Amino acid sequence: MLRLRIPYSLNARLGLASCLLLPLIIGLTALILDQAYSRSLEQTVRERLELQTYVLLGAAEAGGGVLWMPPSLQEPRFSQPGSGLFGLVSDADGKLLWRSESSLGAELQPLQSKPEPGQALFGVDDMGLFFYSYRVLWEIESGQVTEFVFSTLERPDRFRAALREFRFHLWSGLALLGLLLLAAQALLMRWGLQPLQQMAQDIKSMETGDQNQLEGRYPQEVQPLTHNLNLLLETERGRRQRYRNTLADLAHSLKTPLAVMRNEVETDRSAPTNTELLQQQVDRMEQIINHQLGRAGSASAQKLLQRTQVRPVAERIGLVMAKVYPDNYRSFEVIGEDESFTGDERDLMEMLGNLIDNGFKYGAGRVQVQIETGAQQLLIRIEDDGPGVADELGELIIQRGTRADSIAPGQGIGLSVLRDILSSYGGTLTLGRSESLGGASFCLQLPR
């Protein structure tokens, strides 16, 4: 089975839609104008025949039971054979009493319908002639009342010629207008789609390495798309850079424990091996590897597509902490409206898990999570009732680029991983003291 494939092109689809809709619109417009003009012409013919009928009525005289019409009328077309304007006068029974000279030689049929006395009738007869009939009651000298029907007929030649000329000018004008509209629409489409073509050129320049992001001036309708593309590209570049940094840090961090282990093994092969020292170095290497893997896997590009509710994640972590610290767990509370975090749920769990875990580990058993929202930021504040964080240690933690193995004991690898995840989302970490619990206060500030 063959299928017609239409290329997915905005220009092609808009052009096809225009080619289908524009003739339909022009056809409907022409039909409406044609009907309106035709009715207007018919009304003009009616008024003209009505006037000529009154001319016949004004010129007629009746006496002795006989209708008399003058040899020449005010309208000269009544006296010209072949003029197309005919005058007829008949009695109530349809007997023809008078006909104009212009009707000589013309085949005229008596009208099938007659108006009521004192009324007029307009229409088209069986031969296609326009007619206007007026029925009058005429009182003669003896007081007798006689009925006469005055009729004026006209060939539709003038009507058809005027209608033909109008239709010619109408369709010619509309066809020209349609061509002009198609040309104007083509220019407007070219101008309107120019930002997309510019975007395609910018993306091609990014592929060749001439630029790093979409920097052109785009209309408001396209700016959300360019913003998300730049954000996606920035996230991808950050992830690649994070992988490179992680490999470099991992290689550098493993040098020292490997050197210690090699030195322990190669110094004196006859001496017993210090198992405790080797175990320490193995633990340290495992800790370094876990830390670097956590850094490398954080903040994936999926964060652009996901929304995660903060409250359920925090509550699940609180339930886990009750089992991890059964002796030191007193209370856990989540305060504030439930807000959404635009990013990976695993990243949110990693950040909240580190801070809540530290709260129970170094506090007196009470941890509180406050969720706040602003016009531009999502604030998540984790507070505990512990001794707090020393000022000099706090400055060291929030300092960007601080290595995990150089952080003071007690804040270790977890906060370093948290800092890397937070920075990948463009967020910041603020340290302070809790006003309600008196311990440490860690505030995550994330852009909405």
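Below is a table of values for the structure above.
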item: Rounded to the nearest 10 Å², the accessible area of Leu21 at probe 1.4 Å; result: 100
item: Fraction of accessible area attributable to carbon and sulfur, region 15-106 (%, probe 1.4 Å); result: 60
item: Heavy-atom surface of region 63-119, accessible at 1.4 Å and reported per residue (Å²); result: 60
item: Percent carbon-and-sulfur accessible area, region 116-217, ignoring ligands, DNA and RNA, probe 1.4 Å; result: 55
item: Accessible area (Å², 1.4 Å probe, nearest 10) - Lys361; result: 100
item: Rounded to whole Hz, the Karplus (6.51, -1.76, 1.60) HN-Hα couplings of region 204-219, x for glycine and proline; result: 5, 5, 5, 5, 7, x, 6, 8, 9, 8, 6, 10, x, 8, 10, x
item: Selection of GluC sites (Glu not before Pro), region 60-141, meeting DSSP coil and at most 13 other Cβ within 10 Å; result: Glu107, Glu141
item: Efficiency of FRET between Arg48 and Trp191 - r from beta-carbon atoms, R0 35 angstrom, step 0.05; result: 0.10
item: Length added when fully stretched, Ala36-Trp68, from 0.36 nm per residue minus Cα-Cα; result: 7.4 nm
item: Cβ-Cβ FRET estimate between Ala200 and Leu163, R0 fixed at 51 Å, reported to 0.05; result: 0.45
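The values are calculated or read from the model by the stated rules, or taken from the named source; none is laboratory data. Please read these numbers as outputs of a predicted model, since none were measured by experiment. Because the Cβ atoms are built from the backbone with ideal geometry, glycine has one as well, and the counts that use them run over all protein chains shown. Each accessible area value is taken on the protein alone, full model and side chains, heavy atoms only, with ligands, DNA and RNA left out. Shrake-Rupley method; radii C 1.70, N 1.55, O 1.52, S 1.80 Å.
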